[in-house]
């Protein structure tokens, strides 16, 4: 005589619990067996109306919830080991849960990060998915934010500013642009592309690393503060997708919006000059675009962002903040 | 130039992050160093309007959020190692956050389970705190739900049914009862007493164990199903507090409500007969009341609950379910 909650877990999530440590999701807890590695632990929640929109497809919500955490593991140089989730739902509907669980399972398999446990609770409010993810690194090898050194190159993966513009598309600001561009940007907002394929290169070559989730400018500022350094970024070198370039060219967006918008889920890392070639080669091998956008500098000044003429621009805001 | 979210974390939570693995809460992730032990992982969320009431004191909300997870660790025989939290707030108010963080820090220190990381997000909806907690056990020693054997005694800690009645007090059903009784029951609902002091005794003597969070009857049913056994419980042996006994004596509640109500956060475990004396002695030494309430039996029938005359009662419901 199982309850509705147990039925829900058995039906949708037990098939995903392929790791023996998940104990088939029938216990109070999961077990992570000792491996001799350090365990990297990260937790990130996505909430309806904040990180995704009411009515977003359940499959993209599932992928975003897991991927924002996978992105943290990638930035820390860790290999995914599994995750637990808290699923906060207004109701348990087959037509929502089935595609949600299917997409979660697909991503879990694709990234080698399977579900270990969770909690399912009802709410009268917005949907929320909170995930705590685990990754392995050899002892003492997690890449922190704190060890950037003057002279290090600053690198960023992928392209910056797509997701913030994708959110604007979803809010109806896409008029005058082609469907393909709009769809690309929306997809970048809904389904981040975590750079886990670059994790070992980051672990082996980066001096400091974090994921860009609240805006490149603000996140670089945090990394510099944590490392006790400053930085100079050449805005011309910040990688932008063709749709973002088109919006900027038409005067409908600007580089400041690109570097202060949230939801990029790219990796921002610093690489010592003598490791750059190895890092770039490893990135090519992994098939992940990395761009050198500036240098770490001595001092504790806020990072400077230089325009094409070499002049620092004044940013009105650095990043997204919840409060 | 820190954002409001960073200020909030720095001000209220960084002082609690005393574990070196928390990295002062300035990184994307925490590190759990390899210890050679297995890591037990549990996750439980509390949500306004479901697990606590709007207007409940922030300090009791903090304690409940952590303690429901500590209770899982205790039931699994694990020693607390730390936790990460996701804090979902409508607004960041000093008068709420200060006592919340203070109480969380007090409990973290008292139970030796300090904050390792977290995520703070804004919501237009109900408050929510999701915690993932970690505990250590020697390799292979986590106590599961799956190994109860016929003949084992069934034990439960503390008293059962207090919290469910406490919730009724908060809903205004306390008329005719003295303030002390009402306050005791309300406190049992708001601030569970996790039995971590009994963890090593459970680890060393129990064959199966879980925490009672959704109702003793339903939770025993789950344990028996997981172990492939049945059980008989003598309702006269189920430990009840004086206030619950008084409510039952006046006809305002009954034993069925006590064993099917949620939020007990006591430990339900099975102990082989030849370990019982050692288990009971360890419990006495730990200062924790344990009561033998029945026996595990062969078969897969739903557990039977016998009244004072030895007749099985029919339960209308076994436990609380979210869906």
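The values are calculated or read from the model by the stated rules, or taken from the named source; none is laboratory data. Predicted, not measured: the structure shown is a model, and the values here were computed from it. Backbone-built Cβ (ideal geometry, glycine too); neighbour counts: all protein chains shown.
Please pick out the residue among A:120, A:60 that is at pLDDT below 95, surrounded by fewer than 23 Cβ atoms within 10 Å (Cβ to Cβ) and touching a helix residue (DSSP H, G or I) at 6+ places or on another chain (Cβ under 6 Å). Before you say what the answer is, go through the steps one by one.
Working: A:60 fails: at pLDDT below 95.
Just a single option satisfies the conditions, and that option is A:120.
Of B:199, B:280, which residue is in contact with a helix residue (DSSP H, G or I) (Cβ under 8 Å, 6 or more places away or on another chain) and either modelled with pLDDT of 95 or more or within 14 Å of chain A (Cβ to nearest Cβ) (or both)?
Working: B:280 fails: in contact with a helix residue (DSSP H, G or I) (Cβ under 8 Å, 6 or more places away or on another chain).
Answer to the check: B:199.
Pull out all pairs, ordered by first then second residue, where Cβ-Cβ is under 9 Å, the residues are six or more apart or on different chains, the first lies in segment A:297-322 and is away from chain B (no Cβ under 14 Å) and within 17 Å of residue A:215 (Cβ to Cβ), and the second is assigned to a loop (DSSP other than H, G, I, E, B) and at pLDDT 90 or above.
Filtered contacts from segment A:297-322: A:313/A:307.
Restrict the check to segment B:179-189 and report whether at least one residue is in contact with a strand residue (DSSP E or B) (Cβ under 9 Å, 6 or more places away or on another chain), surrounded by 22 or more Cβ atoms within 10 Å (Cβ to Cβ) and under 27 Å from residue B:259 (Cβ atoms).
Quick first cut of segment B:179-189, residues in contact with a strand residue (DSSP E or B) (Cβ under 9 Å, 6 or more places away or on another chain) only: B:189.
Cutting the leftovers down to surrounded by 22 or more Cβ atoms within 10 Å (Cβ to Cβ) gives us B:189.
Imposing the further condition that a residue be under 27 Å from residue B:259 (Cβ atoms) reduces the set to B:189.
Yes, because at least one residue in segment B:179-189 is in contact with a strand residue (DSSP E or B) (Cβ under 9 Å, 6 or more places away or on another chain), surrounded by 22 or more Cβ atoms within 10 Å (Cβ to Cβ) and under 27 Å from residue B:259 (Cβ atoms).
Return yes or no: is residue B:211 under 29 Å from residue B:139 (Cβ atoms), under 20 Å from the mean Cα position of the chain (by Cα) and at pLDDT 95 or above? Give the steps one after another, and end with the answer.
Details: under 29 Å from residue B:139 (Cβ atoms): yes; under 20 Å from the mean Cα position of the chain (by Cα): yes; at pLDDT 95 or above: yes.
So residue B:211 fits the description; yes.
I need a count of the residues in segment B:1-42 that are more than 9 Å from chain A (Cβ to nearest Cβ), in a helix (DSSP H, G or I) and in contact with a strand residue (DSSP E or B) (Cβ under 7 Å, 6 or more places away or on another chain).
5
Can you give me the number of residues within segment A:202-232 that are out of contact with any strand residue (DSSP E or B) (no Cβ under 9 Å at 6 or more places or on another chain) and away from every other protein chain (no Cβ under 13 Å)?
1
Residues of segment B:97-126 being facing another protein chain (nearest Cβ under 9 Å) and in a loop (DSSP other than H, G, I, E, B), which ones? Explain how you work it out, then say what you get.
Within segment B:97-126, the subset facing another protein chain (nearest Cβ under 9 Å) is B:116-126.
Hits for segment B:97-126 are B:123, B:124, B:125, B:126.
Among the residues of segment B:90-107, is any under 15 Å from the mean Cα position of the chain (by Cα) and over 21 Å from residue A:69 (Cβ atoms)? Full working, then the answer.
First pass over segment B:90-107, keeping only residues under 15 Å from the mean Cα position of the chain (by Cα): B:107.
Imposing the further condition that a residue be over 21 Å from residue A:69 (Cβ atoms) reduces the set to B:107.
Yes, the conditions are met somewhere in segment B:90-107.
So residue B:267 passes all but one of these: (1) within 14 Å of chain A (Cβ to nearest Cβ); (2) in a loop (DSSP other than H, G, I, E, B); (3) surrounded by 12 or more Cβ atoms within 10 Å (Cβ to Cβ). Which condition number does it fail?
Result: residue B:267 fails condition (2) only.
Among the candidates A:259, A:288, A:248, single out the residue that is more than 20 Å from residue A:144 (Cβ to Cβ), buried (at least 22 other Cβ atoms within 10 Å of the Cβ) and assigned by TED's automatic domain parsing to the domain that holds residue A:201. Walk me through it before giving the result.
Numbers: A:288 fails: buried (at least 22 other Cβ atoms within 10 Å of the Cβ); A:248 fails: buried (at least 22 other Cβ atoms within 10 Å of the Cβ).
Residue meeting the stated conditions: A:259.
Does residue B:88 satisfy being crowded, with 19+ Cβ neighbours inside 10 Å and at pLDDT below 95?
Details: crowded, with 19+ Cβ neighbours inside 10 Å: yes; at pLDDT below 95: yes.
Against the criterion (crowded, with 19+ Cβ neighbours inside 10 Å and at pLDDT below 95), residue B:88 qualifies.
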